[in-house]
1. Show me 70-83, 253-266, 207-220 ranked by packing, highest mean number of other Cβ atoms within 10 Å first.
2. Name the shape class, rounded, prolate or oblate, that the alpha-carbon gyration tensor gives for segment 117-224, where a ≥ b ≥ c are the square roots of its eigenvalues, rounded holds for a/c under 1.5, and otherwise prolate holds if a/b is larger than b/c and oblate otherwise.
3. Given the rule -39500 (n - 2.57) for each run of at least 4 DSSP H residues, summed and divided by the residues of the chain, what is its mean residue ellipticity at 222 nm, to the nearest 500 deg cm²/dmol?
4. Rounded if a/c is under 1.5, else prolate if a/b beats b/c, else oblate: with a ≥ b ≥ c from the C-alpha gyration tensor eigenvalues square-rooted, which is the chain?
5. Multiplying the sequence separation of residue 213 and residue 127 by 0.36 nm and subtracting their Cα-Cα distance, what value in nm do you get?
6. Between residue 103 and residue 89, what is the label-to-label distance in nm when each label sits 7 Å out along the Cα-to-Cβ direction?
7. Using only the Cα atoms of segment 178-287, build the gyration tensor, take square roots of its eigenvalues as a ≥ b ≥ c, and label the shape rounded, prolate or oblate: rounded if a/c is under 1.5, else prolate if a/b is larger than b/c, else oblate.
8. Between residue 136 and residue 163, take the C-beta separation as r, use R0 = 22 Å, and let me know the FRET efficiency to the nearest 0.05.
């Protein structure tokens, strides 16, 4: 599982942020989502993330209101949301996690509703404008290699690539998740690119898309990294429900199939790089 996906579920215990909206008298009156309140481009309390928008579309299709339980996606997220009941009530706090790795065993998962890819991202007009594919990086002359500063996270395929291709000396260490609720990977990378602290990062596609979406056109170049037999860069994302909740799983699977075109358009608007199940590129931001 990639570094960002790992960190989203496996780092630093968070605290309950609160509930949005009034509680339903019956769970089926609402589409009740467990989500992080500060995790763009996925979700936030302003409902600007693509997971928020897909949840709103599903709630409308089901004729239900949309309600959230907010909790940082760190260690304890599933335990304190999807698997937790409201005090003195026989009702769970929420029913659906909108984005979880399809291979995760923490929940019962739906069919995948998108598949994204890691890629190199760097500022245009800086040091790497002649780099057109990730393979070009391996051909750089030693003097150019030595002057580079590459973000290197504590786990994941990007770090594996850096080590395998001899860029370890150029690595600038980062944690996959700092625990700072006001800054995620994308906002940290944007700040450090602008400060000149780093020249290049290998980011999970939605995070790279967030940088591109929130910068003037032409600010960044994104180069997708194609999986090989020895190194995997593309991963499928699904929705999660409680084990045993097969009826809800089936309902979500139907919606994912029915609304696949609309889901695709939402993801493209957020500049999420997309690949098909075989890893072939469908959409690359900036192309």
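What follows draws every value from the coordinates through simple rules; no lab data is involved. Since the model is a prediction, treat every value here as computed from it, not as a measurement. Please note: Cβ atoms are built from the backbone with ideal geometry, for glycine as well, and neighbour counts cover all protein chains shown.
1. Highest to lowest by the protection proxy: 70-83, 207-220, 253-266.
2. oblate
3. Theoretical 222 nm ellipticity from helices: -8000 deg cm²/dmol.
4. Judged from the Cα gyration tensor, the chain comes out prolate (a/c at least 1.5, a/b above b/c).
5. 28.8 nm
6. So the two model labels end up 3.8 nm from each other.
7. It is prolate, given that a/c is not under 1.5 and a/b is the larger ratio.
8. So, using R0 = 22 Å, E works out to roughly 0.75.
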